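To start, the structure itself, in structure tokens.
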Amino acid sequence: MKKNIRDFIVGCVGLVSGLAIYFVIIPATIPSLEKLDPYTYSMSQRADYIPKIWTLILIISSFGLIIESLTGSSSYKNEKIDLKEILHVVALLSIMVGYVILLTRAGFLFTSTICLATTLFLFDYKYIKKLVLLSIILNIVLFFVLKNLLYVEV
């Protein structure tokens with residue numbers, strides 16, 4: 001029963017967060033195209049398309065979690081939460097927040113390389129030389145794809 005209460009709380013937090021993101025944060029942060037002719041841009045060409053899709057996925061998942069917790073049809077029973085898993089989640093969230101903060105200060109290549117290497121190390125990728133090489137090469141390739149093929153300022 002304790003697990004169902006936790007699932008219900010997590011579902012409610014996800015639902016409220018998703019609704020706030022969809023109806024408040026996205027309209028406040030992404031420029032609106034409603035002043036333009038609605039037939040100029042299709043829905044998939046608008047800047048708010050992808051954030052709205054992901055937010056709808058969050059809302060639907062949260063709603064499903066609430067329903068599952070209320071019906072008691074959970075497929076797991078008596079699972080213990082490992083402290084190592086909690087620390088992994090906290091570390092991953094810290095890496096994400098650090099990435100957002102450092103991106104404008106240190107630049108794309110440096111920040112992305114450090115964050116990718118740290119994340120791979122966090123998920124127990126043991127080969128340090130390959131980890132560093134993989135992080136550097138992937139980010140250089142991604143940089144050139146974004147800059148030269150997609151014309152994104154990075």
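The values are calculated or read from the model by the stated rules, or taken from the named source; none is laboratory data. Here the structure is a predicted model, which means the values were calculated and not measured. Cβ: placed from backbone, ideal geometry, glycine included. Neighbour counts: every protein chain shown.
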Among the residues listed as I66, I86, I57, the single one being loosely packed, with under 12 Cβ neighbours inside 10 Å, modelled with pLDDT of 85 or more and within 21 Å of S17 (Cβ to Cβ): I57
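Yes or no, residue by residue, for (1) over 23 Å from V10 (Cβ atoms); (2) among the aromatic types (F, W, Y):
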{"site": "I53", "(1), (2)": "no, no"}
{"site": "I57", "(1), (2)": "no, no"}
{"site": "L87", "(1), (2)": "no, no"}
{"site": "L92", "(1), (2)": "no, no"}
{"site": "I95", "(1), (2)": "no, no"}
{"site": "A106", "(1), (2)": "yes, no"}
{"site": "F121", "(1), (2)": "yes, yes"}
{"site": "I136", "(1), (2)": "yes, no"}
Selection from segment 1-21 of residues that are within 13 Å of F63 (Cβ to Cβ) and surrounded by 14 or more Cβ atoms within 10 Å (Cβ to Cβ): D7, F8, V10, G11, C12, G14, L15, S17, G18, L19
Residue that is within 27 Å of R6 (Cα to Cα) and aliphatic (A, V, I, L, M), where the choices are V89, V132: V89
Top-ranked residue in segment 122-154 [being assigned to a helix (DSSP H, G or I) and under 19 Å from the mean Cα position of the chain (by Cα); ranked as nearest to E85 (Cα to Cα)]: L122
